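Peer 1: Pasting in a structure now, in structure tokens, and then I'll have a few things to ask.
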């Protein structure tokens, strides 16, 4: 293999590697933008829950669960989203709308009410008021 061919391969590899990194950063940035847009749309008050994208084996999204809103005992709120469900923007928005509705529900009615009836009347009222699609308000909507 000539030295010129090696240089061309090296340059292409570097450019392609950089392009993949840029695409990954762009996807993460787009997810962050969508999350912020949804919080604002839901008229959420600060502090916003942290959104964490995890693989399908993470404890929060095992089995049929593809997203989960959690409040830890110290009051920290986290929304977990299964990574293979956030690649399409519409799916991401539906999933966020569903989980943000849970957070808004427990902030308005208390965690105990949310535990007793996680998809009850008050949850559905909140979700239907703010979600882009009514289908986001059903359990395991995606």
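The values are calculated or read from the model by the stated rules, or taken from the named source; none is laboratory data. Note that the coordinates shown come from a computational prediction; the quantities given were computed from them, not determined experimentally. In this analysis, Cβ positions are derived from the backbone assuming ideal geometry, glycine residues included, and neighbour counts consider all displayed protein chains.
Peer 1: Applying the selection to region 96-112, what residues are surrounded by 12 or more Cβ atoms within 10 Å (Cβ to Cβ), more than 18 Å from residue 46 (Cβ to Cβ) and modelled with pLDDT under 95?
Peer 2: Within region 96-112, 109, 111 meet the criteria.
Peer 1: Could I ask something else about it? Of the residues 93, 115, which single one is surrounded by 13 or more Cβ atoms within 10 Å (Cβ to Cβ) and closer than 26 Å to residue 46 by Cβ?
Peer 2: Going through 93, 115 in turn, the sole match is 93.
Peer 1: Going residue by residue through region 120-131, is there one that turns out to be at pLDDT 95 or above, surrounded by 13 or more Cβ atoms within 10 Å (Cβ to Cβ) and in contact with a strand residue (DSSP E or B) (Cβ under 7 Å, 6 or more places away or on another chain)?
Peer 2: Checking region 120-131: not a single residue is at pLDDT 95 or above, surrounded by 13 or more Cβ atoms within 10 Å (Cβ to Cβ) and in contact with a strand residue (DSSP E or B) (Cβ under 7 Å, 6 or more places away or on another chain).
Peer 1: Within region 44-60, which residues are farther than 22 Å from residue 107 by Cα and either in contact with a helix residue (DSSP H, G or I) (Cβ under 6 Å, 6 or more places away or on another chain) or surrounded by 14 or more Cβ atoms within 10 Å (Cβ to Cβ) (or both)?
Peer 2: Answer for region 44-60, where residues must be farther than 22 Å from residue 107 by Cα and either in contact with a helix residue (DSSP H, G or I) (Cβ under 6 Å, 6 or more places away or on another chain) or surrounded by 14 or more Cβ atoms within 10 Å (Cβ to Cβ) (or both): 53, 54, 55, 58.
Peer 1: Among the residues that make up region 92-104, is at least one of them under 18 Å from residue 31 (Cβ atoms) and part of a loop (DSSP other than H, G, I, E, B)?
Peer 2: No, because not a single residue in region 92-104 is under 18 Å from residue 31 (Cβ atoms) and part of a loop (DSSP other than H, G, I, E, B).
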